[in-house]
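Asks: Just passing along the structure, written as structure tokens.
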Amino acid sequence: MKTQTLRYILIAGLGALACRNPKTALPELASLPDTLKFPLSGFQVSVDADTLEAWVSGPVQTYPLHAKKSAGSWFLTSDQQHGVVEGPASLVLRSGSKQLVKPVWIANAATATGTSSVYFTPKTINLDSAQDLHRMEHLVDVWRNLLALDSGRTLYFDERLIELGTRAGTYRGVADRPLSSYYVHSGSCRDIPVRYRFNDTAGMAVISAGPLTDDWNNEQAGGTLVVFALRQKGKVWRYESRLLQAYASVAVPKEQALGAILQVSVHRTHSPLIELVQN
């Protein structure tokens with residue numbers, strides 16, 4: 001009698017343990033898909049488990065999957081109805097304390113229309129240092145995936161050097177895209193022509209410099225600083241002016257100018273020394 005009672009207790013205990021530990025067997029990796037295309041149409045996995053969690057961990061986002069049990073297997077679907085950033089990802093299945101990770105590739109079921117982006121660098125070119133421009137182009141779809149620029153799907157970035165002219169100005173790399181604009185800046189000032197005259201009535205001397213151009217006859221940029229230095233009897237007077245349409249001028253008292261030695265400077269370019277005399 002005691003033996004039979006112990007047998008019943010043992011059977012009941014094993015049943016309780018079976019209820020406490022649900023089945024958690026996971027599938028073989030080879031039985032899972034290698035590529036998942038979004039929006040997912042759903043796919044089936046053979047999992048001998050009572051519970052199942054599933055998700056896809058993509059390059060920039062994680063996509064939870066809905067798992068529905070049906071006839072000894074599970075059918076997985078997703079609420080993600082839009083495109084995704086394509087690339088390597090992980091399909092993760094978890095049942096109880098067991099977890100399986102399958103490397104997969106996620107892609108979009110349909111190819112989205114791409115928008116071309118064209119960049120020009122540098123944005124500002126000084127003719128003293130360079131006379132060419134770096135042009136780069138790539139194509140990106142609405143989901144931020146790079147698309148091929150060629151039909152053979154081998155060219156994803158197009159890079160080339162564009163030879164520029166020697167005329168200063170603002171240009172557009174692409175006619176209808178203001179953000180593709182770049183600026184060709186004039187080179188260094190070639191030389192500094194100087195003129196002066198005395199106004200006895202006003203007791204002043206008017207000194208002008210210009211036109212100031214580079215080696216390609218581009219005018220120096222408006223607002224460029226021009227320095228007029230006068231030296232006389234151990235004294236130095238410094239006057240500054242800004243270029244306007246390639247010319248700059250200053251008016252100084254006649255007593256400072258008459259007999260003084262004048263030198264006009266723009267950055268590292270200097271005029272010859274000129275003695276200011278009145279004819």
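Asks: Which residue, of ARG172, ARG195, ARG160, is surrounded by 13 or more Cβ atoms within 10 Å (Cβ to Cβ) and of a type in the set (Lys, Arg)?
Replies: Result: ARG172 is the single residue among ARG172, ARG195, ARG160 that is surrounded by 13 or more Cβ atoms within 10 Å (Cβ to Cβ) and of a type in the set (Lys, Arg).
Asks: Would you mind stating whether LEU155 is among the hydrophobic types (A, V, I, L, M, F, W, C) and open to solvent by less than 40 Å² (accessible area, probe 1.4 Å)?
Replies: no
Asks: A further question follows. Looking only at the stretch 66-87, which residues are within 34 Å of the chain's Cα centre (by Cα) and open to solvent by less than 90 Å² (accessible area, probe 1.4 Å)?
Replies: If the condition is that a residue be within 34 Å of the chain's Cα centre (by Cα) and open to solvent by less than 90 Å² (accessible area, probe 1.4 Å), then SER78, GLN80, GLY83, VAL84, VAL85, GLU86, GLY87 are the ones that fit.
Asks: Any idea which of (1) touching a residue at least 40 places away in the same chain (Cβ under 8 Å); (2) more than 39 Å from the chain's Cα centre (by Cα) is the one TYR239 doesn't satisfy?
Replies: (1)
Asks: Regarding the stretch 138-151, can at least one residue be identified that is assigned to a loop (DSSP other than H, G, I, E, B), within 30 Å of LYS254 (Cα to Cα) and among the basic types (Lys, Arg)?
Replies: no
Asks: In addition: For ASP132, all conditions in the list (1) modelled with pLDDT of 90 or more; (2) within 30 Å of GLU159 (Cβ to Cβ); (3) surrounded by 13 or more Cβ atoms within 10 Å (Cβ to Cβ) hold save one; what is the number of the exception?
Replies: Here ASP132 clears every test but (3).
Asks: Further question on the same structure: Take the conditions open to solvent by less than 20 Å² (accessible area, probe 1.4 Å) and either of a type in the set (Phe, Trp, Tyr) or closer than 29 Å to LEU147 by Cβ (or both) and apply them to LEU93. Does it pass?
Replies: When the stated conditions are applied, LEU93 does not pass them.
Asks: Another question, then. Of all residues being assigned to a loop (DSSP other than H, G, I, E, B) and open to solvent by less than 90 Å² (accessible area, probe 1.4 Å) in the stretch 51-60, which is farthest from LEU36 (Cα to Cα)? Just the residue, please.
Replies: Of everything passing the filter in the stretch 51-60, THR51 is farthest from LEU36 (Cα to Cα).
Conditions (1) of a type outside the set (A, V, I, L, M); (2) more than 30 Å from THR121 (Cβ to Cβ); (3) assigned to a strand (DSSP E or B), marked per residue:
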residue: SER188; (1), (2), (3): yes, no, no
residue: PRO211; (1), (2), (3): yes, yes, no
residue: TYR239; (1), (2), (3): yes, yes, yes
residue: SER265; (1), (2), (3): yes, yes, yes
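Asks: Looking only at residues that are part of a loop (DSSP other than H, G, I, E, B) and among the basic types (Lys, Arg) in the stretch 163-186, which one is nearest to ALA221 (Cα to Cα)?
Replies: ARG167
Asks: Just give me the residues in the stretch 221-237 being of a type in the set (A, V, I, L, M) and assigned to a loop (DSSP other than H, G, I, E, B), in sequence order.
Replies: ALA221
Asks: Which of the numbered conditions does LYS98 fail, given that it passes all the others? Conditions: (1) surrounded by 12 or more Cβ atoms within 10 Å (Cβ to Cβ); (2) over 30 Å from LEU146 (Cα atoms); (3) in contact with a Leu (Cβ under 9 Å, 6 or more places away or on another chain).
Replies: (1)
Asks: Turning to a different aspect of this structure: I'd like to check something: does the stretch 110-123 contain any residue that is loosely packed, with under 12 Cβ neighbours inside 10 Å, part of a strand (DSSP E or B) and at pLDDT below 95?
Replies: Yes: the stretch 110-123 contains one or more residues that are loosely packed, with under 12 Cβ neighbours inside 10 Å, part of a strand (DSSP E or B) and at pLDDT below 95.
Asks: Taking the stretch 224-256 only, how many residues are modelled with pLDDT of 95 or more and either on the phi > 0 side of the Ramachandran plot or of a type in the set (Gly, Ala, Ser) (or both)?
Replies: 7
Asks: What about LEU40, is it under 29 Å from VAL142 (Cβ atoms), at pLDDT 90 or above, in contact with a Lys or Arg (Cβ under 7 Å, 6 or more places away or on another chain) and surrounded by 17 or more Cβ atoms within 10 Å (Cβ to Cβ)?
Replies: No; evaluated as a whole, the condition is false for this residue.
The values are calculated or read from the model by the stated rules, or taken from the named source; none is laboratory data. Everything numeric here is computed off the predicted structure, so don't read it as measured data. So basically every Cβ, Gly included, is an ideal-geometry build from the backbone, and we count neighbours across all protein chains shown. Only protein heavy atoms, including side chains, enter the accessible area calculation; ligands, DNA and RNA are left aside. Shrake-Rupley method; radii C 1.70, N 1.55, O 1.52, S 1.80 Å.
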